[in-house]
Amino acid sequence: MTLTRPTITVDDDPEALLALSLAEGWGDGAPLIPPTDDRVLAMLAATPLAPDHVLGALPPRHGAASVELLAINAVMAGCEPRAFPLVLAAIEAILRPEWNAVAITTTTSSVFPVVLVNGPTRAALGIDHQAGCFGGAAGRGSMTIGRAVSLCLRNVGGQRVGATSRSVFGQAARFGQCLGERRRESRRGRTPPCAAPSTRPARSCAATVPTSCCSRAMAAASRSAWSWARPRARPAHA
Amino acid sequence: LTAAAGASYRSVRVATLTIRRPTATFDTAAAESFLVGRPLRGLRIGLRRDGTWRSWQAITSVWMERLRRDGADPVLLQTGERTGAEGERTRRELAAWTEDVVCAVVGLGTCGSCTMWSVRDAIGVERARKPVVAAVCEEFVGHARTTAEFLGHHGLKILVLPYPLEARPEAELRAIADAWYPKMLDLLGVTRP
């Protein structure tokens, strides 16, 4: 597998990488994992998609969302390779017209994407789905999958506050928001699971991307844009 | 750490890492802009608005009257939602309207997303090689220019309207429409008899 994105040389020092990311505008203000070739290749090994496969043109600047570029950003966010198919699924969901990414990435409002995950890998990936699931439970999946999606919007979509994004106040959750649904509990209750319509196979994982104006406004989010996609994981025997 | 240890630490040569650049390459090749270059009489001129801004509806209504008065043939398009079945219909109607008109005015940019949609729809007209003006309130002109430049349409013509427009009374909006009517025609490149 050959990587094609340009390379940068940086001191092997976390602070140097952070400073570079801020100077060049591709960081989100927090420390990043260096996207070295070995890490990017490990990420790419988790998907059956080729590195040069393009999922679409990501708004607002319509950068080509190649799997390699998304993998680089997923590495920087701290994603585990096995979580990468969910990052890809979230980006696929964002790219669907019904999510209205052109408006959502540029709006004056403070909306942000929420990645809702439903399926058997939810707990294994550290996607918070119980107390504190909207923040503070510190699951690696929750923190890094949401962050990877935000970094992709920044670096592939070109979403930048003050330039392409006009969000007046912004929102802490724009750093990244990902949580899991409790499928069984949802089925017992009156609310159907967001990420699992009844037609979807029970054994699959799904990433749904609604937008929300604040963390506790999920009911209100039903009036916002919703989109979902099923992750394409590399088969175990591959 | 002692001072000596600190100095020693600073003198150590830091190893380097090679990492992959995480940013996409954006296509910003400059696109052409166009001017009408003929008088208003008989001109099929498109006005695009949406259901959001009452102020822009008022201004475009006045412009419809003025354009008819001056012998033009205005074609109004009110766009709907951008998602779902209505989004599909909006895209079809925009395409047909773009095909139908000789030139167009697209607005209103007075928030982040509506500016983006106005610029994108205006660029759609420009890509059909037709003159177009994006109507944007002054607060969002920077956003509109940045968006147009990022999408390769550096020369997109922008009619700068006052901000805010939305809370103004009808009489004031009519006055603004009258005052900005000649500027809009100038930006389109309509020649005066």
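The values are calculated or read from the model by the stated rules, or taken from the named source; none is laboratory data. Remember, predicted model here, so these are calculated numbers, not experimental data. A quick note on method: Cβ atoms are made from the backbone with ideal geometry, for glycine too, and the neighbour counts reach across all protein chains shown. Protein only, heavy atoms only, side chains kept; ligands, DNA and RNA dropped before computing areas. Shrake-Rupley method; radii C 1.70, N 1.55, O 1.52, S 1.80 Å.
Find the centroid of the Cα atoms in segment B:99-127 and in segment A:73-143, then give the distance between the two in whole Å. If you average the Cα positions of each part, the centres end up 32 Å apart. For the segment A:146-157, counting C-beta atoms of other chains within 10 Å of every residue's C-beta and taking the mean gives 1. Remark: mean inter-chain Cβ contacts per residue of B:145-154 equal 3, using a 10 Å Cβ-Cβ cutoff to other protein chain atoms.
If R0 is taken as 25 Å, the Cβ-Cβ distance between B:Glu149 and B:Thr16 corresponds to a FRET efficiency of 0.15. Chain A and chain B together bury an accessible surface of about 3400 square angstrom, both sides counted, with a 1.4 Å probe and no ligands or nucleic acids included.
When each of the peptides A:158-170, A:76-88 is scored by how many other beta carbons lie within 10 Å of its residues on average, the order from highest to lowest is A:76-88, A:158-170. The calculated FRET efficiency for A:His53 paired with B:Ala171, based on their beta-carbon distance and R0 = 56 Å, is about 0.45. Run the accessible area of chain B with a 1.4 Å probe and give the carbon-and-sulfur part as a rounded percent. Reported share for carbon and sulfur atoms: 53 percent.
Using a cutoff of 8 angstrom between alpha carbon atoms and counting only pairs six or more residues apart, the relative contact order for chain B works out to 27 percent. Taking each residue as 0.36 nm, the span from A:Ala42 to A:Gln130 lengthens on full extension beyond its C-alpha to C-alpha distance by 28.7 nm. The charge dipole of segment A:56-185, taken about the Cα centre with unit charges on the Cβ atoms of Lys, Arg (+1) and Asp, Glu (-1), comes to about 160 debye, rounded to the nearest 20.
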